[in-house]
1. What residue among A:22, A:90, A:79 has the largest mean-square fluctuation in a Gaussian network model of chain A, using Cα springs under 10 Å?
2. Could you tell me the distance between the Cα centroids of the range A:1-46 and the range B:81-97, to the nearest Å?
3. Just the number, please: percent antiparallel of the DSSP beta bridges in chain B, rounded to the nearest 5.
4. Please arrange B:271, B:108, B:212 by how many other C-beta atoms lie within 10 Å of their C-beta, fewest to most.
5. Using 1/(1 + (r/R0)^6) with R0 = 35 angstrom and r between the beta carbons of residue A:98 and residue B:358, what's the FRET efficiency to the nearest 0.05?
6. Would you mind giving the mean number of other chain beta-carbons within 10 Å of the Cβ of each residue in A:50-60, as a whole number?
7. If each DSSP helix of 4+ residues adds -39,500 (n - 2.57) and the sum is divided by the residues in chain B, what number results at 222 nm, nearest 500 deg cm²/dmol?
8. Per-residue Cβ counts within 10 Å, from other chains only, averaged over B:11-18: what number is that?
Amino acid sequence: MRYSATLLDHFLHPRHAGLMREPDGVGSEEFEGCGDLARIFLRVRDGRADEVRFQAYGCGPTIAAASVTSERATGRRVEDLVNVKAEEIEAALDGLPEDRRHAATVAAGALRAAALDALDRRGGAR
Amino acid sequence: MSRRIYLDHNASTPVHPEVLAEMLPYFGERFGNPSSIHGFGREARAAVDAARDRIARFLGVRADEIVFTSGGTESDNFAIKGLAQARGGGHLITSRVEHHAVIRTCQWLESQGFAVTFLDVDEHGMVDPDDVKRAIRGDTIGISIMHANSEVGTIQPVAAIGAIARDHGVPFHVDAVQTFGKIPLDVQALGIDLLSFSGHKIYGPKGIAGLWIRKGTKLVAVQHGGEHERRRRAGTENVPGIVGLGKAVEVRAQEMAGEAVRLVALRDRLWDGIRARVPEVRLNGHSTARLPGTANICYRHVESESIVLGLDLKGIAVSAGSACTSGSIEPSYVLVAMGVPVDWAMGAVRHSLGRTTTAEDVDEVVEGVVPLVEKLRAARPAGVA
């Protein structure tokens, strides 16, 4: 199997999948070329991501990357989420094959967009 | 993992136990080179001749019209380049849904100065014989149309195309890799002049295939060297492979008709099971003129690779109709040529059944697909693909 056990676990059992009603922040990222897309929703309490949900369309790694991103983002300060990099997501999946690196890029990009949206809505400085 | 279910027989098949048994001595004590004149060589030569005879009887052709090759790709290359280079220039006709072994060979010939017409297909993936007739020019030197498509299973109107080719005196090549040994194939009645066939699609070994060349068809060799295969294909014969192909054909001659009936029923059971429980699915290919074991199904709003991965994790092997490489995804060129919308084509999955597939397997695949597609769709952002 070319994918890690962690990746397969997140693909088979995605954490926090589905729509969030009235989120405090939402952001999407699409990978041009393959059309893979992730969308992250944030519920913010006391400046932290109290609840994170995701939606994703694409290959198995993209779904797994969005799932692991939702897990890692929960409980962290929104300002920190702006800086979550694709490398962190890839590491959390115990690696990605070279031709599937876009999965981490898409998930990290969606999280960053959601965090920026939450900060915008709060009206606070970035 | 419990038991595994293999629904990818259009990609490859397991070697039949009787085929393997017949091959084994030719890896061991009967290892001779058929070109050698001593006893070891004569033994190998006799085995190659016997296999050729078996295949010739199966096809209803002369044994000396059959050339063994390394695979369907080589057979297609040999047929098309052999025709083209024997004439030095001119025009070829093929279709947009051929195997890459045909399409890319034709594209290469285009780069060498030949003209090629790539015919469109209808929504079932079928070539219109009238389009073939209209495409024929004064300098047309060959027509290459597959017997059945590997992705969607549509069987082409080869007899009608063969009649047109014969009327115009144009050699007609048919890539029959997906039909040889699966459905009846009468090269005389179909008006075929060159026929590609392969071993590993019919429970024979990989690395062995053949090209039948009607006597009198002007063709030049593309591989040069020794005097093998009546100087048409240089290289020491793959004796165990040839023996295996011969045996595979013999087994197919006995099993093919009954198996086709059984597979049509199982294929329809699969499609009926899926469409009853999964919304927004479509079956690709012709409803009746289709390979017995092939069901190519589009699951809208789901990317096919995620279905293949999800089923693989349940021990079920199917194949994706779209391929994602290096972050760029292309829907199947066959489905695109058939006019299947991209949002459907991205979710195309091919299920190809075979001789060991059971009703229980089919039911288990349906049980596996239903929750998987449901889950993937639930995680999908609205308005995407």
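Any read-out appearing in this document is the output of simple, stated calculations on the displayed coordinates, not a laboratory observation. Here the structure is a predicted model, which means the values were calculated and not measured. In this analysis, Cβ positions are derived from the backbone assuming ideal geometry, glycine residues included, and neighbour counts consider all displayed protein chains.
1. The residue with the greatest mean-square fluctuation here is A:22.
2. Each part reduced to its Cα centre gives a spacing of 50 Å.
3. If we restrict to bridges inside chain B, about 60 percent are antiparallel.
4. B:108, B:271, B:212
5. So, using R0 = 35 Å, E works out to roughly 0.35.
6. Neighbouring Cβ atoms belonging to other protein chains average 6 per residue here.
7. About -12500 deg cm²/dmol.
8. 0
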